[in-house]
1. Using the charge dipole of the chain (Lys, Arg: +1 at Cβ; Asp, Glu: -1 at Cβ; taken about the Cα centre), state which of Gly51, Ile82, Val95 has its Cα farthest towards the positive end.
2. Which of [x] 213; [y] 121; [z] 145 is the computed volume of the Cα convex hull per residue in Å³ for the structure on display?
3. Using alpha-carbon positions, what is the distance between the centroids of the range 44-63 and the range 73-102, in Å?
Amino acid sequence: MLRTKLRHIAHAGYTLVELMVVIVIIGVLSTTFFVFYNNSLTQYLALQKDGSDFSDLATQSQRIVQVLRGLTDIVSESNDDITCYAYFYPNDTYVSQIHYYKNAGNTKLYADVTPMDANPPIGNLLTSKKRTYTIIPNFYQSATIKTFVYLDANGNTLTLPIADEQSIKGIQVNLAVQGAHNSDQAMSLQVSIRNRKTNL
C-alpha cells in the first residue's frame, strides 16, 4: 500500500493552473524585456544617426569653407546661394564656376561645378562638363538663420543686394541637419576672403 502511494506521488506532474501561471510569468518578463530592449535600441540608433549626420555636416562645412577661402571672384550672392570662381579640387589647374544653392523645399544643399579652360577673364565655361553634387542630403533650413551672410572688412553684415562684390571680405556659412525628435544640429563657420586674387 505504501509503495503504491509513493509510486503515485512520483508520477504526479504539474497541474494546468501551475502551467498557466508559469506561461503568464514568462510572457510578462518577455514583454518587459522586449519593450526595454526595443526602446534602448531605437534610442541608440537615433543617437548614432545624429552623430553620423553631425560628423558629415562638420566635414561638408569645412569643405565649403575651404572652397570659399580660395575663391578668386564672386559672381552673385544671396542669403540662399552663392556663385563664385574657385578651385573645387586642390589639384585643379584652373578655377571652376561654383554655385552653392538649396532645392525648392530647402531640404538639400547642392553645388553646381562648371570647369573652365583657363582662369577668368580669358577662360570660357565648359558647360558640357558641368556636374551637380549633393553636399548635404538632409539639409535643415531654420526660419531665423540665413545660410550665407556676407561681411565687410570690419566684420559687419552687408545688406543685400550688394552693389560691389569687392566689398565682401568675409562669408559666414550657417548649415544645419535635422536630428532625432525634430531637433536640428547646426554649425556656423566664418571664412575670410581678404586674400582674394584680383589679377585674374
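1. It is Gly51.
2. Correct label, based on the coordinates given: [x].
3. What the calculation gives is 24 Å, centre to centre.
Throughout, read-outs are computed from the coordinates displayed, never taken from laboratory work. Quick caveat, the model's predicted, so the values are computed rather than measured. Don't worry about glycine lacking a Cβ; one is built from the backbone with ideal geometry, like all the others, and counts go over all protein chains shown.
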